[in-house]
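Here the structure comes first, spelled out in C-alpha cells, and everything after it is commentary.
The values are calculated or read from the model by the stated rules, or taken from the named source; none is laboratory data. Nothing here was measured: the structure is a model prediction, and the numbers come from that model. Neighbour counts are summed over all protein chains in view; Cβ atoms, including those assigned to glycine, are modelled from backbone coordinates with ideal geometry.
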Amino acid sequence: MSKQKKKSHQKIKTAPFPLTEKQLLKEIKPRKPLKAIKDFAYDLDIRIASSGKLEVFSELSSEGVKAPLKHKTANGEKLGKSTRVKVRIKPVQLGTHVFPSDIQGSTVKTPRVTDKMISDAKLGLPDLSGYLPDHLPLSPVPLKITRDFIVPKFISDKPGVKGYHRATTIFSPDNRYIFLDTSFPWCTVGRVDTAGGYASGVLIGPRHLLTVSHVIVWGSGNTSGWVRFRPSYFDGSTPFGEAWAIRWYAYKKVYGPTLSRSEGRQDYVVLVLDRRLGDTCGWMGSRTYSDSWDHERYWRHIGYPGDLAAGQRPSYERDIALDGSFWDARSHQRIWHRGDVWPGQSGGPFFAWWSGESWPRVVSVQSGQSSDENSASGGGRMVDLIIQAREEYP
C-alpha cells in the first residue's frame, strides 16, 4: 500500500461531539442538592444621595407568595412563604439621582489567526470547564411554567393590519418556551441591565459574566457605563441576588443597533463582577466552536425575549443547528443559525452538553438577527478573552 493511500485511511482527529437531546436525557440525570448551603447572604446594592449622618431602619414581615403553591421547583419542593424586607434610610436628598461610577476596562489586541489556532479549533480548543456546586439541584432540561403563570405575548409576530407586515425572526413554529427553574445550570443565566437597555448573559467563572457587546454603553477611553446582572431573574424576583460589573474585557467596542461584519465577529464582552455569584450559582464551561458540529441540532439557547412577558422571564429553545463555516471558517467568530430570537435575547448563550460532564459549555452568544438568518458571536478568541479575565481577576 502506498504512503498516500495509508494517509487517506488515517483517522482525522476532530472535536468531541455534543450530546443530542436523547443522549443527554439518558446520560445526565436530575439530582437533588448533595448538601445544604450555609449562611447564604442576600446582598442589596442601593445608592442614595445622603444629606447628613444616615440612619437605617428595617422591618420584616412574612407573606404568602402570589404564585399558587401547586407549582413546584426543580427538586420537587413547593413554593413557600416569603419574608418581605423594608428598609428606610434617612436623611436623603429628595429627587437627587445617584449613578454608579464608570467601569474601567481593557480593549484587548485581537490575536492573529495562526495555523495552530485553526488546528486547535478543529478539536474544540481552547476550552474551560464549568462548575456545579454541591448545594444546587441539577436538571438537564428546565421546567416549563405552569398554566397559572402564562401571560399573553407582549409583542405579536403576526401582521396586525391588512397590507402591513412586521419584521420577525421567529421561524415558524416558535420552539421557545418560558421556564421557571432555579436549578443548575439554569441559574447561571440571567438578565443584564444597562442604561442602553437590557440583554441576557451567562456566568462563565466565579465572578465572570459573558454577554453581548452592543448592549454596553461605551464611554471614552477604557470606560463604559454601569451593568447589573441578576441570575434567574423572573418577574422582578431575584432569588440569587444581583451583582454589578467593575471591569470589562473586549476586543472591540460594538455600538449597534446595526452590526457590520467586523462588529458581528466580536460582539461579546467579558465582565468582572463585584461579587462571586458563581460560588452560589455555579457557571457554565466554554469551548471553541468546531466545523465538525455544523448543521447538527446539538445547541440550546436561553435569553430574555421582549415579545414574551416583556423580557421579564427567560425562554429556552433546544435543537438549534449552528453553522460556523461560511464567513469565518478560520476563526469561527460569526456563527449563523435559524433559532427563534427576539431583541432581549442578545448575549444569551448557545451551549451544549458533552459526555462525562455535569455542566454545559458555551460556544457563542446571540448577536444579530434578520428576517432570513440570525448570527451569534464566539469562537476561540472569545474563550481566550474569558481565560484572560479569569486569570487577572480570579
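Among the residues of region 251-295, the one identified as without any contact (Cβ under 8 Å) to a residue 40 or more places away in the chain and within 19 Å of residue 349 (Cβ to Cβ) is 294. Screening residue 217 with (1) hydrophobic (A, V, I, L, M, F, W, C); (2) more than 18 Å from residue 378 (Cβ to Cβ); (3) buried (at least 17 other Cβ atoms within 10 Å of the Cβ) gives one miss only, at (3).
Total residues in region 121-144 satisfying the condition of being at pLDDT below 90 and within 18 Å of residue 380 (Cβ to Cβ): the figure is 2.
The residues of region 80-107 that are closer than 30 Å to residue 250 by Cβ, in a loop (DSSP other than H, G, I, E, B) and of a type in the set (Gly, Ala, Ser) amount to a single one, 101. Considering region 103-120, and only residues there that are within 15 Å of residue 382 (Cβ to Cβ), of a type in the set (A, V, I, L, M, F, W, C) and surrounded by fewer than 20 Cβ atoms within 10 Å (Cβ to Cβ), the residue that is farthest from the chain's Cα centre (by Cα) turns out to be 113.
For region 224-263: of the residues being β-branched (Val, Ile, Thr) and out of contact with any strand residue (DSSP E or B) (no Cβ under 6 Å at 6 or more places or on another chain), which is modelled with the highest pLDDT? Ranking the qualifying residues of region 224-263, first place goes to 254. For region 171-281, the strands (runs of 3 or more DSSP E) that sit wholly inside it and include 1 or more residues that are among the basic types (Lys, Arg) are 189-194, 227-231, 243-250. Being crowded, with 22+ Cβ neighbours inside 10 Å and modelled with pLDDT of 90 or more is the filter; apply it to region 313-336 and report the residue that is nearest to residue 268 (Cα to Cα). My answer is 335. When the residues of region 282-307 are filtered to those that are of a type in the set (A, V, I, L, M, F, W, C) and in contact with an Asp or Glu (Cβ under 9 Å, 6 or more places away or on another chain), the one that is farthest from residue 16 (Cα to Cα) is 302. Residues in region 325-338: is at least one under 28 Å from residue 132 (Cα atoms) and in contact (Cβ under 8 Å) with a residue 60 or more places away in the chain? Yes, some residue in region 325-338 is under 28 Å from residue 132 (Cα atoms) and in contact (Cβ under 8 Å) with a residue 60 or more places away in the chain. Residues in region 123-137 that are within 12 Å of residue 188 (Cα to Cα) and of a type in the set (A, V, I, L, M): 132, 136.
Quick grid of which residues meet (1) under 17 Å from the mean Cα position of the chain (by Cα); (2) farther than 12 Å from residue 210 by Cβ; (3) charged (D, E, K, R):
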position: 320; (1), (2), (3): yes, yes, no
position: 338; (1), (2), (3): no, yes, yes
position: 359; (1), (2), (3): yes, yes, no
position: 383; (1), (2), (3): yes, no, no
position: 393; (1), (2), (3): no, yes, no
